[in-house]
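The next block holds one structure in the form of structure tokens; read it before the comments.
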Number of protein chains: 4
Amino acid sequence: MVNIGILGCGRIGQVHARSVAQSEGAVVTVVADAFEAPAAELAARIGCQVLDADALIQSADVDAVIIGTPTDTHYDLIHAAAKAGKAIFCEKPVDMSADRIRDCIKAVETSGVAFMTAFNRRFDPNFANVRARITAGEIGNVELVTIQSRDPSPPPISYIKSSGGLFRDMMIHDLDMARFLLGEEPVSVYAVGSSLVDPAIGEAGDVDTAAVTLTTASGKICQISNSRRATYGYDQRIEVHGANGMLRAENMLENTVESATESGFRRAPAQHFFLERYEAAYRAEIAEFVTALNAGSQANPSIHDGLRAQVLADAATKSYETGKPVSVR
Amino acid sequence: MVNIGILGCGRIGQVHARSVAQSEGAVVTVVADAFEAPAAELAARIGCQVLDADALIQSADVDAVIIGTPTDTHYDLIHAAAKAGKAIFCEKPVDMSADRIRDCIKAVETSGVAFMTAFNRRFDPNFANVRARITAGEIGNVELVTIQSRDPSPPPISYIKSSGGLFRDMMIHDLDMARFLLGEEPVSVYAVGSSLVDPAIGEAGDVDTAAVTLTTASGKICQISNSRRATYGYDQRIEVHGANGMLRAENMLENTVESATESGFRRAPAQHFFLERYEAAYRAEIAEFVTALNAGSQANPSIHDGLRAQVLADAATKSYETGKPVSVR
Amino acid sequence: MVNIGILGCGRIGQVHARSVAQSEGAVVTVVADAFEAPAAELAARIGCQVLDADALIQSADVDAVIIGTPTDTHYDLIHAAAKAGKAIFCEKPVDMSADRIRDCIKAVETSGVAFMTAFNRRFDPNFANVRARITAGEIGNVELVTIQSRDPSPPPISYIKSSGGLFRDMMIHDLDMARFLLGEEPVSVYAVGSSLVDPAIGEAGDVDTAAVTLTTASGKICQISNSRRATYGYDQRIEVHGANGMLRAENMLENTVESATESGFRRAPAQHFFLERYEAAYRAEIAEFVTALNAGSQANPSIHDGLRAQVLADAATKSYETGKPVSVR
Amino acid sequence: MVNIGILGCGRIGQVHARSVAQSEGAVVTVVADAFEAPAAELAARIGCQVLDADALIQSADVDAVIIGTPTDTHYDLIHAAAKAGKAIFCEKPVDMSADRIRDCIKAVETSGVAFMTAFNRRFDPNFANVRARITAGEIGNVELVTIQSRDPSPPPISYIKSSGGLFRDMMIHDLDMARFLLGEEPVSVYAVGSSLVDPAIGEAGDVDTAAVTLTTASGKICQISNSRRATYGYDQRIEVHGANGMLRAENMLENTVESATESGFRRAPAQHFFLERYEAAYRAEIAEFVTALNAGSQANPSIHDGLRAQVLADAATKSYETGKPVSVR
């Protein structure tokens, strides 16, 4: 039984608390938040202690921490938790700077603590099914991957400004998914982007519509497209072409109902956003973390996966800025 | 090369003329119609003679006739053509009276001429594919068949009045399809019906919404439903359950385009009506007739299939009228 | 906050206990079972008392009971709970005998306790969506309903023998769904059935493949088909035709992945059986029960709905046995 | 009535001859081919003259020519036909060299003859429907286009060697489709490619798997992917995202049949290759040419469309060779 401390009691911290409650083999013993109210509320709901972040990390009642705080706090929390010998589950991105992630890797490897990066989409039952079937050889050697990812609507401009830009904030999930599906590291990144959804996003120095091309050493290709808007819900699709066929995962719709009238056959919109769409994925990633801790094995995605995705996001950003493909090593 | 005479130059006669033109192994040499204009027009388009029906049947330029005239003329034309030794392709229903169809069978069998009943749906590529896969054993022993058939909108009341009623006019196609898919003769028929689409249809003594249950000696079941209206196009679906699985044929839509907006995912309506939906089927049934004639083999569906469907339609009508299941032998 | 006692700690009792835990406004305070182990296990998991059924019903810690015991015990438990003034949530069927259900209605109405019959499928998000849109007038007046329901595989013969037969054990859900969707009481029932899946089922006096036709006073029609086997998962579909269009709910598949190879495009099987397929429905029906209790309003489906479905199942059984349609009043 | 001469009696010439026969307003009067047999056969089938190419172009019986000969003969035939005042329908590509196409434009514009470039996919009913709905404003301003195009299997290496390479031979259709859907000229082209399907293709200096990114001046983006292999048939899909929603055209499958078994739900492969998939498109493009000629209006796509697609294909080839995005003006 793993005792878990939750750092950050906002939306994602609450999701993870619920997942721990539904998992077997772990329990939340302590929660912490920079603000009093959310910590107190969450603690009341699940029946556990409230401490401040430092005390939580040092607490003898805590074997592992789930880090769901703002990105700029991850670095210090990871170092402190590693020093204290606590296993770490950390929300993506590990950090906005690849170099600082490299520091975190040193701290984690020095201390020998377990570390899992929260790329939740790998645990979506549909995407996990695609990956498992690729690994099982169902479509032969992977040749070309297409990833489409669209948010239902853009975040506030204030968020955009501190987000690190679309490639680091939004596409990072797709860049990790590309690695997950290609089964080989991208060596070249080419990115284009535009501000078509909202001119204010362009004025803030970011793009809201973007496309990336990745290639690997053996010549595999991945095309990613992103938009900050999709009127029909949260658009999350992958498609993988191999020597023997194709595997794709379609959107999950709100329900299975179809109507038919003069205007044709109509099905429901896609599930609205990530909390609905990835509900099962959030549960599964925590279950994986808990299972690995209880088994003493390494959970994936690792902190190195966190680093690789950040390196690709940096390269995409640079490619967009320079108009040229960027090599990644 | 088969020389074909077309009796009846209305819509269906024109469809068959086009099919003959596209087939290899046959040519239309003569056309006839009760009215001058349609015969002249069709003859001009395809470059052939116009004769009256009797002369056409006697013509040395005619090896086979396609009967596309009103149902009440079929009986005499079949007898005349059989006597003249001409092969016969006859639109459904062969006749409104099962006993008169039995007379036609005698005439046809006495003369030994080839006879094919035009149940076009058997030649729809989708339905034919389902049947071929049943026959090949893909789903094992057939257990339950569901047939849904809806016209886009009701015919004029004048047509309804002389149609013989929904079960004989419209459901006869589905009753033939049931036999085609069950692979065993129905022994019991239960029918219900209502006038829900247009009260004038009820006042004319007919129904516009109906459901039939067929059972066979070995216990196979078929459910058919019909409506004289479907706002989303011509609804033509079959579904067959067997011991090892299920086969179904969905509607053919106007195109493959799907839109996605706030209101969800929308595809086109079903193809509007029989001329579009069964275009390939019309071509294939004539090709089958021509091929069989050139090969000297019997084309199916036979005149006996025409009789069996009529017997089932009569039984459905009687079941609807009496409120009781009707045995057919 | 409603205190709930659970009678019966088998599979369905455990499902309901989980649903209560996830609902707001209720808590399980006591559980009871004829056997010691399941009650003790469930009590340990959720942290509550174990009592015997009588003591549970009399307990001051219990406001409402969830009856998930074998059908032949429902009658006495309902009477005892009604006498004790406890609200009742009762698994279907309320009883195998319509007359005994009528007795239960008297007991419930005399005591004035709330009563909800557990027709879970009404709470499936897909079916509930169809019903809501019918009620909102989206397809106009309902004309014809098609319900297809197939279990993945037959239950043991021992179960079949005491089940009351397919129409009362399995189709009762579809008969309730028919009432839910038609919006009008059926007045006539015609049933056919066969033993095609397993001859042992026929030898046990039951059928494994069946079809029913219902008609209402205004002429609406419903066709139901059932099979005890579906190789591709739990087949649960409804389709409703109205004056202005059609609404249908398709199966829920195991995932959204589609593969494409030489043999075509392949999607996953349907979710395997009722615990997966109706997971959301089980949660929603308990939420409805709790909400109604807290609001002091009547929850649906009522005990009268339980009676009507049983009356239709009896009529279907009689129709199957006599080969004739049966009137229900 | 337009009198048409067909130059080239191979597969595509025969397709066009059939389309002319099915169109109203035109008739094939003369055919020509470098080889005697195909010309004689086609002439016999449709009942027309055989001449050599020069005589055909000069013939008073010819108002318009359809050029379906090898690409390297187009240049001379276009010049001769323009000089002779004949309207021209020319297979794609107009020529392998953009500069030579510019010469052809001069010849055509000097003589004032009508000219249509045979980008058949614009006439596919599905793609045409998408374009019409974009033009009608259904999804607002176009932001991102995805085009997927895969042949069922690679052509012979001998063909590859003289094809001009995948970007000019295969992707040129998708580059034209991109222009058709974007509604704005691409200004930048980035291409990647690999030889993954067959190493012999790589040895011949070509790629068999490729991806291109196009951007327009206003920031619209198009992603294209191509493969010389698709085990599941001819993969031809487009998807267009706009401010208000999405439009996509899925593959046309061989039939509408779906089976369900333990392994899930299976539909037929995509239609095998271009002759089936674009049958309607081939008919519609000839109808458009004939209609425009009879109306005295300009048919689209024009010779300028032919040039623009070639310029983009050249740019894609150069981008692939240099590893850098290429500007097009």
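All of the numbers you see were taken from the coordinates with simple rules; none came from a lab. Just so you know, these numbers come straight off a predicted model, no measurement behind them. Positions of Cβ are backbone-derived with ideal geometry, glycine not excepted, and every protein chain shown enters the neighbour counts.
Looking at chain D only, what percent of DSSP beta bridges run antiparallel? Nearest 5 please. Don't skip to the answer; put the middle values down first.
Details: 35 of 62 bridges.
If I count the DSSP bridges inside chain D, around 55 percent turn out antiparallel.
Can you give the percent of C-alpha pairs in segment A:100-246 whose distance is more than 22 Å? Walk me through the numbers before you get to the answer.
Numbers: 5162 of 10731 pairs.
Here the long-distance tail beyond 22 Å is 48 percent of all Cα pairs in segment A:100-246.
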Exercise. Compute the relative contact order of chain D as a whole-number percentage, counting only Cα pairs closer than 8 Å that sit 6 or more residues apart in sequence.
Key: 21
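Using a 10 Å cut-off on Cβ atoms, rank the peptides C:95-102, D:166-173 from the highest mean neighbour count down.
Working: C:95-102: 17.4, D:166-173: 24.5.
Order by mean packing, descending: D:166-173, C:95-102.
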Exercise. Would you please put A:285-291, A:300-306 in order of how densely packed they are, using the mean number of other Cβ atoms within 10 angstrom per residue and starting with the highest?
Key: A:285-291, A:300-306
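What pairs in A:LYS161/D:LYS324; C:LYS220/C:LYS324; C:LYS83/C:LYS318; D:LYS106/D:LYS220; C:LYS86/C:LYS161 have C-alpha atoms more than 25 Å from each other? Don't skip to the end; give the middle numbers.
Working: A:LYS161/D:LYS324 30 Å; C:LYS220/C:LYS324 19 Å; C:LYS83/C:LYS318 34 Å; D:LYS106/D:LYS220 31 Å; C:LYS86/C:LYS161 33 Å.
Over 25 Å Cα-Cα: A:LYS161/D:LYS324; C:LYS83/C:LYS318; D:LYS106/D:LYS220; C:LYS86/C:LYS161.
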Quiz item: Hey, what do the phi angles of segment B:24-34 turn into as Karplus ³J(HN,Hα) couplings, whole Hz, using 6.51/-1.76/1.60 and θ = phi - 60°, x for Gly and Pro?
Solution: 9, x, 8, 8, 7, 9, 9, 10, 9, 8, 5
Quiz item: Hey, could you pull the Cα Rg and Dmax for segment A:47-126, both in Å?
Solution: 12.9, 39
Quiz item: How far apart are the D:LYS324 label points across copies, placing each 7 Å from Cα toward Cβ, in nm, shortest first?
Solution: 0.7, 9.2, 9.3
Exercise. Quick one: P(r) of segment D:224-319 from all Cα-Cα pairs, 5 Å bins, percents rounded to integers, in order of increasing distance.
Key: 3, 9, 11, 14, 18, 19, 14, 6, 4, 2, 1, 0
Self-check item: Karplus-derived HN-Hα couplings along segment C:35-43 (A = 6.51, B = -1.76, C = 1.60, θ = phi - 60°), whole Hz, x at Gly and Pro
Solution: 10, 6, 4, x, 5, 4, 4, 5, 4
Quiz item: Given label points at 7 Å from Cα along Cα→Cβ, what nm distances, shortest first, separate B:PHE273 from the same residue in every other copy?
Solution: 3.9, 4.9, 5.0
Practice problem: Sorted from largest down, give the three principal axis spans of the alpha carbons of segment A:2-113, whole angstrom values. | Solution: 38, 24, 24
Practice problem: Would you work out which of B:GLY85, B:THR29, B:VAL113 lies farthest towards the positive end of the dipole of segment B:2-113? Charges go on Cβ: Lys and Arg +1, Asp and Glu -1. | Solution: B:VAL113
Practice problem: Mind giving me the nanometre distance, one decimal, between the label points for C:GLU36 and C:GLU184, set 7 Å out from Cα along Cα→Cβ? | Solution: 5.8
Quiz item: In D, who owns the beta-carbon nearest the axis carrying D over to C, and how many Å from it?
Solution: D:ARG266, 2
Exercise. Work the Kirkwood hydrodynamic radius out for the protein assembly as shown: mean of 1/r over every pair of different alpha-carbon atoms, inverted, in Å.
Key: 34.9
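Regarding chain B, what whole-number volume in Å³ per residue does the convex hull of its Cα atoms give?
153
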Quiz item: Which Cα, out of A:ILE66, A:PHE127, A:ALA55, lies furthest along the positive dipole direction of segment A:38-128 (beta carbon charges, K/R +1, D/E -1)?
Solution: A:PHE127
Quiz item: Percentage of Cα-Cα pair distances in segment C:159-292 greater than 18 Å, rounded to whole percent?
Solution: 67
Practice problem: Note down, for segment C:282-329, the three equivalent ellipsoid semi-axes (square root of 5 times each alpha carbon gyration tensor eigenvalue), biggest first, whole angstrom. | Solution: 34, 11, 5
Self-check item: Residue-averaged beta-carbon neighbours from other chains (10 angstrom radius) around D:185-196
Solution: 4
Quiz prompt | Computed E for D:THR73/B:SER153 - FRET, C-beta separation, R0 41 angstrom, nearest 0.05 | solution = 0.15
Quiz prompt | Backbone HN-Hα couplings from phi across segment C:6-18 [Karplus 6.51/-1.76/1.60, Hz, Gly and Pro as x] | solution = 9, 9, x, 10, x, 3, 6, x, 5, 4, 5, 4, 4
Quiz item: Placing a label point 7 Å from Cα toward Cβ, how far apart in nm is D:SER111 from its equivalents in the other copies, listed shortest first to one decimal?
Solution: 5.9, 8.1, 9.8
Quiz item: Just going by the charge dipole of chain C, with Lys and Arg at +1 and Asp and Glu at -1 on Cβ, which of C:ILE160, C:SER297, C:LEU144 is farthest out on the positive end?
Solution: C:LEU144
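Using the Cα centre of the protein assembly as shown as the reference point, and only Cβ charges (+1 on K/R, -1 on D/E), how large is the resulting charge dipole? Debye, rounded to the nearest 20. Write out the running numbers ahead of the final one.
On the way: 120 positive and 164 negative charges, 1 e Å.
In total the dipole reaches around 0 debye.
If the chain between C:LYS324 and C:GLU109 were fully stretched, how many nm would it gain, using 0.36 nm times the residue separation less the Cα-Cα distance? If you can, show how the numbers build up before the last one.
Details: separation 215, 0.36 × 215 = 77.40 nm, distance 3.52 nm.
Answer, rounded to one decimal: 73.9 nm.
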Practice problem: Please get the size of the charge dipole for chain A, origin at its Cα centre, with Cβ charges of +1 on Lys and Arg and -1 on Asp and Glu, quoted in debye to the nearest 20. | Solution: 620
Self-check item: Cα centre as origin, Lys/Arg/Asp/Glu Cβ charges: segment B:2-113 dipole, Debye
Solution: 260
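Above 18 angstrom, tally the Cα pairs of segment B:36-90 and express them as a % of all pairs, no decimals. Please list the in-between numbers first.
Details: 480 of 1485 pairs.
When every Cα pair of segment B:36-90 is considered, 32 percent fall beyond 18 Å.
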